[in-house]
Amino acid sequence: MGQYAGLLLDSIVSGVLVGGFYAAMAVGISIAFGMLGISNIAHPALILLGSFIAYVLNSQFGWDPILVGVLATVPFYFLGTLLYTAYEFAFERRGTQLIRGLAFFFGLLFITEVGLQLIFGVDYRLVEAAYIGPSYNIGPVSLPVRMLIPFLASVLLLIGLQIFFARTFTGRAIMAVAQDKFALQLMGAAPVRIKRIAFGLSTATAAMAGAFLIILQPVEPSMGRDYIGRIFAICVLGGIGSLPGTFIAAVIVGVAESITATFYGPSWSPAIAFGFLLIALVVRPAGLFGRA
Amino acid sequence: MSNGRFILLACLVGVALVVASLFVTNEYYVFAAYFVLQYVVLATAWNILGGYVGYVNFGTTAFLAIGLYSAAALNKWLDLPIPVLIPIAGVLCGAVGLAMGYLTIRLRGVYFTIATLALSVVVQTFITNWDYVGGSRGIYIMRPTDVPVFGSYVAYLFFLMTVLAVAAVVIARVIERSTFGFGLAAIRDDETAAAASGVPVLRLKLVAAAISGALMGMAGAPLPFYLTYVEPTSSFSLAYTVNSVAMPLVGGTTSWLGPVIGAVLLGTMQQAMTVLISSSVNLLVVGVLLVIFVIAAPNGILGLIRSLGGKKVDPETNPLAAMLMTEKRSSQ
């Protein structure tokens, strides 16, 4: 019984650590989908792009993957603004059907995935760093440093974003544009410019999340599809546009998956997030902390 | 053209295809043609829900795999022949489609799409853990040795897929020209207004979802015999979903002809590129074409044709057609 309790505690702690990482992955969708109403299902592919950039710079020049993740946020931000400019021109300006916006990002996801496959092949790639390998042990609980560091960095990322959204004019304008963009115009801010900044921020988080992903586990190009639903599940479960909700939902999903993997086998854990997603969508579309 | 004549014409085309396959000496062409026809079925099925009703289903792989694995399991268990397996897969996937249709009560727009993605992963998880069909190790399918009428088994499979393709196209065309189809179009344009006008919205959506799912499942049933080895990763390949979305969008979503055009063009192109270049490059091209068409030609090839044939082109909704029209005028 003591052994069982120890195992349970260990899996819960692991779940929390993974949950932090999931939050870093999901925050980009929380911004793009929750605040802007843009269903960017290409986000996981951009995360993998971030992973492979970290891989290249780590294997070629020995750079620390988190450092690469931080530095990559700048070019990713501008990539995001470019994507939004194209999206706004092609879809939002015309008020076209949902299907085409979805297909646009779906196509981008596919192009990115296949592009990475052509360049890197389908083998798994990983990075090397001093903190990958060691772990601290506290009783029955082990804390792998390679999970702890991404967790802490994710928390910092979300806190930083929350402060930005709560305390700055631009951040508040982004929150406002989600509610009523015409009212925002009356307040003197340009909705398109605000949205472009927000989408750039959303994409920038993919660089960080990509670095975290490759620290946690080896990656290959088609992994993105496994995370699409998981990320949207967390976003919806946490409440559209709520960053604290995203974090809490991510931890819930992480713990649930970890316990499932520990006691029933890892091959069952993908169904957990999607089970949560379907239940959340049907029972409470506004999510745990939704503003609807 | 009336439905009766259309059915006759479609059957004639089907017969011509089957007869042609009997005279082809290189079996690969029949193999490739099967691939193209499979996507005619998948694209047409997708379009019944995605194009006619406006609900975007990204869970093609769930239905295809349910059809595929139910056929594999029943073949292993009862050794049933394919003509029996196909309708069984259709019934199973029709039921799943019906259940998916009920999601539309609460979920609209992107939420429905996300739910279909979730469905796809849940189904994949169950199949990965289903030891009877080999789980993640996969399962080998033995083809029967005797093929009475056809010279080869691939030709037999091609015949079956031709029948399915003809049936799918006929179903789509009949739907399109019926009051049922008009109801679907009303839902696509404005669901709330349609409901207010007396259209039985939920019932129509359920029927469309069931038909869509059933056709996808039937397309999946012969697949284990075509591939002879199936396992979860390739059975749930994203390529199936991308293709079944890209083909209607490239060809045009508002007519039965759009998915057919898209499937034939993209399917043939993919087979050619797989042989001449590589399988990854062909997938990359599909993704690029999807993005280009969805931006520049929102109504697909059919939309382009209609625009060029007409007098007026709105640059806002169809910039590529407007560009072509301008060039056309300046060349006269």
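Odds and ends about this structure:
- Boolean, B:Arg203 is closer than 30 Å to B:Leu9 by Cα, among the charged types (D, E, K, R) and outside any loop (DSSP other than H, G, I, E, B): no
- Count of the range A:82-105 residues which are under 23 Å from A:Val27 (Cα atoms) and either surrounded by 19 or more Cβ atoms within 10 Å (Cβ to Cβ) or within 9 Å of chain B (Cβ to nearest Cβ) (or both): 10
- Selection of the range A:179-190 for residues being surrounded by fewer than 20 Cβ atoms within 10 Å (Cβ to Cβ) and either modelled with pLDDT of 75 or more or of a type in the set (A, V, I, L, M) (or both) yields A:Ala183, A:Leu186, A:Met187, A:Ala189, A:Ala190.
- The combined condition, being among the aliphatic types (A, V, I, L, M) and modelled with pLDDT of 85 or more, is not fulfilled by A:Ala5.
- Residue in the range A:35-44 that is within 14 Å of another protein chain (Cβ to nearest Cβ), of a type in the set (Gly, Ala, Ser) and under 20 Å from A:Leu216 (Cα atoms) present: no
- Helices (runs of 4 or more DSSP H) fully within the range B:208-255 that include at least 3 residues being under 24 Å from A:Leu108 (Cα atoms) and among the hydroxyl-bearing types (Ser, Thr, Tyr): B:232-235, B:238-251.
- Summed over the range B:104-119, the residues that are more than 7 Å from every other protein chain (Cβ to nearest Cβ) and not β-branched (Val, Ile, Thr) give a count of 3.
- Test for A:Gly28: is it under 27 Å from A:Arg93 (Cα atoms) and either surrounded by fewer than 19 Cβ atoms within 10 Å (Cβ to Cβ) or charged (D, E, K, R) (or both): no
- Qualifying residue in the range B:100-119 (condition: of a type in the set (D, E, K, R), part of a loop (DSSP other than H, G, I, E, B) and within 26 Å of B:Ala246 (Cα to Cα)): yes
- Matching residues, the range B:244-279, being surrounded by fewer than 21 Cβ atoms within 10 Å (Cβ to Cβ), within 20 Å of B:Tyr28 (Cβ to Cβ) and within 14 Å of chain A (Cβ to nearest Cβ): B:Met273, B:Thr274, B:Ile277, B:Ser278, B:Ser279
- Per-region count, the range B:12-67, residues over 13 Å from the mean Cα position of the chain (by Cα), assigned to a helix (DSSP H, G or I) and polar (S, T, N, Q): 1
- Residues that are among the hydrophobic types (A, V, I, L, M, F, W, C), away from every other protein chain (no Cβ under 14 Å) and over 17 Å from A:Ala45 (Cβ atoms), drawn from the range A:218-247: A:Leu243, A:Phe247
- Just one of the listed residues (B:Glu191, B:Glu176) is among the charged types (D, E, K, R), touching a Phe, Trp or Tyr at 6+ places or on another chain (Cβ under 6 Å) and surrounded by fewer than 24 Cβ atoms within 10 Å (Cβ to Cβ), namely B:Glu176.
- Being away from every other protein chain (no Cβ under 14 Å), in contact with a Lys or Arg (Cβ under 8 Å, 6 or more places away or on another chain) and surrounded by 15 or more Cβ atoms within 10 Å (Cβ to Cβ) is a condition met by no residue of the range B:155-166.
- Applying the set (1) without any contact (Cβ under 8 Å) to a residue 24 or more places away in the chain; (2) closer than 17 Å to A:Leu158 by Cα; (3) of a type in the set (Phe, Trp, Tyr) to A:Phe199 leaves exactly one unmet item: (1).
- Residues satisfying the stated conditions in the range B:136-194, i.e. under 18 Å from B:Asn47 (Cα atoms), assigned to a loop (DSSP other than H, G, I, E, B) and among the basic types (Lys, Arg): B:Arg177
- Filtered by the rule that a residue be in contact with a helix residue (DSSP H, G or I) (Cβ under 9 Å, 6 or more places away or on another chain), surrounded by fewer than 24 Cβ atoms within 10 Å (Cβ to Cβ) and polar (S, T, N, Q), the range B:202-234 gives B:Thr233, B:Ser234.
- Odd one out for A:Lys195 among (1) away from chain B (no Cβ under 14 Å); (2) surrounded by fewer than 22 Cβ atoms within 10 Å (Cβ to Cβ); (3) among the charged types (D, E, K, R): (2)
The values are calculated or read from the model by the stated rules, or taken from the named source; none is laboratory data. In this text, all values refer to a predicted model and were calculated from it rather than measured experimentally. Note that each Cβ is placed from the backbone with ideal geometry, even for glycine, and that neighbours are counted across all protein chains shown.
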